[in-house]
Amino acid sequence: MTQHTILKMGDPRLLRVARLVADFDTPELHTLVADLLDTMQAANGAGLAAPQIGVDLAVVVFGSDAPNPRYPDASIVPRTVLINPVITPLGEDEQLDWEGCLSVPGMRGMVPRWQTVRYTGCNVLGEPIDRTVSGFHARVVQHECDHLWGKLYPMRMRDFSQFGFTEVLFPDIGAAEDD
Ligand code: NI
């Protein structure tokens, strides 16, 4: 298990459409997932996608078994490894809320997301995952899977007056936790 350097916005590898995983339960895939979980945990991230460590595969990890110090008010999202995901919005409702990203360190922006989505995909063994979720869980999934289509959250924003440095927007949180 290895902690990787997280690529930052501006790196063209963050703009690729990730390749689908073809072979499950391989040593290489287990290593990638372990590295993603390690790297996410070390950075206190809500989630992490393979492209963020330079790996061109449709693999994301998110959630934790304890509250996230970067999002202490958010409900707990179960730790999930999601491969080859497909997201389907359920209904027309959107929700605006603040997001950060480990590839956009030190900043937060107000991002519209679908309120409720169904997501499907596989775990590392190739077993199917099929969930319908709302709120923060739905937001995290949409943010992480966006990394697989080459989208960073500023590319989803509509109002750039609500984009800024974490230490200015949220002086109580401080910048250190975001970088
Ligand atoms: Ni991100």
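The values are calculated or read from the model by the stated rules, or taken from the named source; none is laboratory data. Because the structure is predicted, anything quoted here is derived from the model rather than measured. Positions of Cβ are generated from backbone atoms using ideal geometry, with glycine treated the same way; all protein chains shown enter the neighbour counts. Remember, those area values only see protein heavy atoms, side chains included, never the ligands or the DNA or RNA. Shrake-Rupley method; radii C 1.70, N 1.55, O 1.52, S 1.80 Å.
Annotations for the structure displayed:
- Helix 27-42 vs. the chain, principal-axis angle (Cα, 0 to 90°, nearest 10): 20 degrees
- Exposure rank, largest accessible area first [Ser161, Ser64; 1.4 Å]: Ser161, Ser64
- Using the rule -39500 (n - 2.57) for each DSSP H run of four or more residues, divided by the residues of the chain, the 222 nm mean residue ellipticity is -5500 deg cm²/dmol.
- Extension gain from Ala66 to Glu94, taking 0.36 nm per residue of separation minus the Cα-Cα distance: 7.4 nm
- Classified by the C-alpha gyration tensor, region 1-100 has a rounded form. Its axis ratio a/c, with a ≥ b ≥ c, is below 1.5.
- Summary value for region 114-176: 20 percent relative contact order, contacts being C-alpha pairs under 8 angstrom separated by 6+ residues.
- Cα-based Rg and Dmax for region 96-154, where Dmax is the largest Cα-Cα distance (Å): 12.6, 36
- Asp130 contributes about 90 Å² of solvent-accessible surface, heavy atoms of the protein only, 1.4 Å probe.
- Three principal axis extents describe the C-alpha atoms of the chain; from largest down they are 45, 38, 32 Å.
- Placing dummy labels 7 Å off each Cα toward the beta-carbon, the span from Val168 to Arg79 is 3.7 nm.
- Accessible surface of the chain, 1.4 Å probe, proportion on carbon and sulfur as whole %: 54 percent
- Degrees between helix 135-146 axis and first principal axis of the chain (Cα, 0 to 90, nearest 10): 70 degrees
- Rounded to the nearest 20 debye, the dipole magnitude of the chain is 380 debye, with +1 charges on Lys and Arg beta carbons, -1 on Asp and Glu beta carbons, and the Cα centre as origin.
- Heavy-atom surface of the chain, accessible at 1.4 Å and reported per residue (Å²): 49 Å²
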